Protein chains: 2
Amino acid sequence: MTSGKQASLTDVADLAGVSHMTVSRVVNKTGPVSAATRARVLAAVEKLSYRPNSAARALVTGKTGILGVVTLDSTLYGPASTLYGIEHAAREAGYSVTITSVGTPNTVAIAEAIETLRRQAVEGIVVIAPHAAASKSLEVVPHDIPLVAVGGGQQAPVPMIAVDQSDGARRATEHLLALGHKTVWHVAGPVDWLEAQDREAAWRQTLKRHRVRAPRIIRGDWSSRSGYAAGQVLAREKDLTAVFVANDQMALGLLRAFTEAGIGVPKDVHVVGFDDVPEAAYFSPPLTTVRQDFIEVGRRTFRQLAEQIAGREPAARDLVAAELIVRESTGPR
Amino acid sequence: MTSGKQASLTDVADLAGVSHMTVSRVVNKTGPVSAATRARVLAAVEKLSYRPNSAARALVTGKTGILGVVTLDSTLYGPASTLYGIEHAAREAGYSVTITSVGTPNTVAIAEAIETLRRQAVEGIVVIAPHAAASKSLEVVPHDIPLVAVGGGQQAPVPMIAVDQSDGARRATEHLLALGHKTVWHVAGPVDWLEAQDREAAWRQTLKRHRVRAPRIIRGDWSSRSGYAAGQVLAREKDLTAVFVANDQMALGLLRAFTEAGIGVPKDVHVVGFDDVPEAAYFSPPLTTVRQDFIEVGRRTFRQLAEQIAGREPAARDLVAAELIVRESTGPR
DNA sequence: AGGGCCAGTGTTCGCGGTAACAACCTCCCG
DNA sequence: CGGGAGGTTGTTACCGCGAACACTGGCCCT
């Protein structure tokens, strides 16, 4: 019974004894069709297990119903969550999502990824690459296709959605200051990551506003390993009482280093992270951190893209508020 | 200069003063074209920034160059890593990947996801859903499209690639037994996850082979929270000295519970996890665990699919070996 | 009674490519 | 010097679908 080829509109039409146009009307619910005819057509569709040919449809309508996402091929919590947020919103609206990952977010790789997606005739592109180089490459990208950046930094050259990094970092820093600390140290993310820059800048500014001197910065690369190294360095600082770490993974490494160095958290030092990964509540000790609603980011990203596809020119920036989650790492001593 | 529409083969042909067929030959490097003509065509292509229309091509060739992946919309380390492994291998071979995520892997959701992908005219489908229900739904899926399951359990109804769960669980259990423990407790994953079943079965079998009685099982849901709960339960067991936890996230929660209960790891109890998430080396204490090479899984998955697309009937199962990574959680007391 | 109007249906055309074949030109050979 | 070979180019026929328009018949209105 597997007759080799997929059934076409015409096949269905022949079986139902109507023209292919009538079948098209039934399938797409466009134009009037009598109940009797519709039933016959539907039966034929069922019998042949007809599936519309997306290529043919795309060819004639000029719309593929596909969105492209450029993402890092990492399993970093943020990008992965955002991807699923976008995919979910897109699917609900009848779009499908194809991904192209880049190992390292340099200008060339991003440009290639975008070109790859364009060859797929995607209707719009999301770039999840909160990275300076990525942002740079967006400047030179042709602007003849709907495009949205996720986490593109303060002055992205294209419309952008992101969690408000400054807001989050400010909350974290002020939380620590409110606990009475003289100052707050910072373990930053990689310089070339915009989110790292934003968090660092907000931390610095918050200290300044409170007339507190900023200690020197320790820099990591988001990994637990680098957080561990940072922790070893900080463990040698005499008057260290509070640390704001730019993400949870690094905070984990830092906690480990502190444990090994005999530094108690929260007894001797208070620590705040960023991201609120699902595991953060079970670190030792449970980590105070800044939660980012990536699902919401994904949703708004899709909405933004949909607006552009519809030909409207939506707001250039959209920030999602961050939320401080207080746990034991900044608890009573 | 943005002339509204994308240039077509004919536009290029007109500009270069040749027929559209010649342009096609140049673009696809099929058939002979004189050097002079090729140069003229290429110049025209460049000038108009011509991009082949994938829909038109797909319509006539019947090939879309798209692969579909059904995945969980979770940020679980395993599925996410596998996805990127597949995407990478696929892109190298000129395929692009579209994803469809399912919140919970029940039969209906999987079937819908597959149908959604088929409407996209994907050339092959990967189902990353190491779940009993997913496996079930694969039994009833039409077999007229190349399909591969990742982590589909021992008797998947379709070709399957996976890390050898039994092998990994056996290594973990034997490692603990070799350290002299009377027995090994097990915190298992959800019953309806095939990997959880495999790990549990291998643990039980290994104990049996060593003529050791298996303690009762504690069951979690992969989350740190459930691992924490399991840890609280186990903390009340008198003769507990060794625990094999079915994944690293749960192991983290368990470590936390043990810490709160005053149980030392590795001093009082030895703990082994599964997955080797990047953070595992920085747990307190660093976690002995079983590493799974998801990139390799992704690579082989794509290869499998490519074979099927090429019309060959490849091996039904392909297992990737697991590796035991020994760290402090099973270290000297 | 004649003329819209409209629901229901069919016909034609073309989207942008590739496959298949035809046509032309050169060159070389007997 | 005729003819076949082969390299180079063009022509034509679809692929499956939807847009646009044409057609049919009944019904209502004047």
Open item on the list: Against the definition (surrounded by 13 or more Cβ atoms within 10 Å (Cβ to Cβ), among the aliphatic types (A, V, I, L, M), away from DNA strand C (no atom under 16 Å from the Cβ) and closer than 23 Å to B:His88 by Cβ), how does A:Val108 come out, yes or no?
Closed with: no
- [ ] Evaluate the following for A:Gly298: is it of a type outside the set (Ser, Thr, Tyr) and either assigned by TED's automatic domain parsing to the domain that holds A:Val150 or more than 20 Å from the chain's Cα centre (by Cα) (or both)?
- [x] yes
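When segment A:14-37 is examined, which residues are found to be surrounded by 13 or more Cβ atoms within 10 Å (Cβ to Cβ) and within 7 Å of DNA strand C (Cβ to nearest atom)? Steps first, answer last, please.
Taking segment A:14-37 as the starting set, the residues that turn out to be surrounded by 13 or more Cβ atoms within 10 Å (Cβ to Cβ) are A:14-16, A:18-20, A:22-27, A:33, A:37.
Scanning segment A:14-37 gives A:Val18, A:Ser19, A:His20, A:Thr22, A:Arg25, A:Val33, A:Thr37.
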Open item on the list: Take the residues in segment B:96-128 that are facing another protein chain (nearest Cβ under 10 Å) and assigned to a loop (DSSP other than H, G, I, E, B); name whichever of them is modelled with the lowest pLDDT.
Closed with: B:Gly103
Open item on the list: Can you find a residue that is more than 9 Å from every other protein chain (Cβ to nearest Cβ), basic (Lys, Arg) and closer than 24 Å to B:Ala56 by Cβ anywhere in segment A:33-55?
Closed with: no
Task: Condition broken by A:Ala44, with the remaining ones in (1) small (Gly, Ala, Ser); (2) without any contact (Cβ under 8 Å) to a residue 24 or more places away in the chain; (3) more than 7 Å from DNA strand C (Cβ to nearest atom) satisfied - done: (2)
Task: Residues that are polar (S, T, N, Q) and over 20 Å from B:Gly85 (Cα atoms), drawn from segment B:127-184 - done: B:Ser135, B:Ser137, B:Gln154, B:Gln155, B:Ser166, B:Thr173, B:Thr183
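Output the residues belonging to segment A:1-16 that are of a type in the set (A, V, I, L, M) and not in a loop (DSSP other than H, G, I, E, B). Walk me through how you get there before you give the answer.
Residues of segment A:1-16 that are of a type in the set (A, V, I, L, M), as a first pass: A:1, A:7, A:9, A:12-13, A:15-16.
A:Leu9, A:Val12, A:Ala13, A:Leu15, A:Ala16, listed by residue number.
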Task: Residue list for segment B:180-194, restricted to those being surrounded by 18 or more Cβ atoms within 10 Å (Cβ to Cβ) and among the hydrophobic types (A, V, I, L, M, F, W, C) - done: B:Val184, B:Trp185, B:Val187, B:Ala188, B:Trp193, B:Leu194
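Quickly run through segment B:277-300 and pick out the residues that are charged (D, E, K, R) and either more than 24 Å from B:Ala321 (Cα to Cα) or surrounded by fewer than 24 Cβ atoms within 10 Å (Cβ to Cβ) (or both). Steps first, please.
Step one: filter segment B:277-300 for residues charged (D, E, K, R), giving B:279, B:291, B:293, B:296, B:299-300.
Result: B:Arg291, B:Asp293, B:Glu296, B:Arg299, B:Arg300.
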Open item on the list: Condition check: part of a loop (DSSP other than H, G, I, E, B) and more than 9 Å from chain A (Cβ to nearest Cβ). Does B:Thr75 satisfy that?
Closed with: no
- [ ] Working only within segment A:1-13, note down all residues that are of a type in the set (S, T, N, Q) and either within 14 Å of chain B (Cβ to nearest Cβ) or away from DNA strand C (no atom under 12 Å from the Cβ) (or both).
- [x] A:Thr2, A:Ser3, A:Gln6, A:Ser8
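Select the strands (runs of 3 or more DSSP E) contained entirely in segment B:138-255, then report the ones holding at least 3 residues which are under 22 Å from B:Lys267 (Cβ atoms) and among the aliphatic types (A, V, I, L, M).
Values: elements: B:147-150, B:160-163, B:185-188, B:242-245.
In segment B:138-255, the matching strands (runs of 3 or more DSSP E) lie at B:242-245.
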- [ ] Considering only segment B:197-215, state which residues are within 30 Å of the chain's Cα centre (by Cα) and at pLDDT 95 or above.
- [x] B:Arg199, B:Glu200, B:Ala201, B:Ala202, B:Trp203, B:Arg204, B:Gln205, B:Thr206, B:Leu207
TODO: Look at segment B:1-57 and say how many of its residues are under 28 Å from B:Val122 (Cα atoms), basic (Lys, Arg) and away from DNA strand D (no atom under 14 Å from the Cβ).
DONE: 2
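For segment B:243-269, enumerate the residues that are closer than 29 Å to B:Ile295 by Cβ and away from chain A (no Cβ under 12 Å).
Within segment B:243-269, the subset closer than 29 Å to B:Ile295 by Cβ is B:243-255.
Scanning segment B:243-269 gives B:Val243, B:Phe244, B:Val245, B:Ala246.
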Open item on the list: All but one of (1) modelled with pLDDT of 95 or more; (2) within 13 Å of DNA strand D (Cβ to nearest atom) hold for A:Leu67; state the number of the condition that does not hold.
Closed with: (2)
- [ ] Identify, by number, the condition in (1) in contact (Cβ under 8 Å) with a residue 40 or more places away in the chain; (2) more than 13 Å from chain B (Cβ to nearest Cβ) that A:Arg291 doesn't meet.
- [x] (1)
Open item on the list: Checking B:Glu92 against (1) free of Cβ contacts under 8 Å to residues at least 24 places away in the same chain; (2) more than 15 Å from B:Leu305 (Cα to Cα); (3) more than 8 Å from chain A (Cβ to nearest Cβ), only one condition comes out false. Which one?
Closed with: (2)
TODO: Select from segment A:78-94 the residues that are more than 16 Å from DNA strand D (Cβ to nearest atom) and part of a loop (DSSP other than H, G, I, E, B) and list them in ascending order.
DONE: A:Ala93
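Just the residues that are within 11 Å of DNA strand C (Cβ to nearest atom) and not charged (D, E, K, R), please, taken from segment A:54-69. Break it down into steps so the answer makes sense when it comes.
Restricting attention to segment A:54-69, the residues satisfying the condition of being within 11 Å of DNA strand C (Cβ to nearest atom) are A:55-62.
Across segment A:54-69, the qualifying residues are A:Ala55, A:Ala56, A:Ala58, A:Leu59, A:Val60, A:Thr61, A:Gly62.
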TODO: Look at segment B:243-264 and say how many of its residues are aliphatic (A, V, I, L, M), crowded, with 24+ Cβ neighbours inside 10 Å and under 18 Å from B:Arg333 (Cα atoms).
DONE: 2
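The values are calculated or read from the model by the stated rules, or taken from the named source; none is laboratory data. Keep in mind that this is a model prediction, so the values were computed, not measured. Here Cβ is always computed from backbone atoms with ideal geometry, including for glycine, and neighbour counts include all displayed protein chains.
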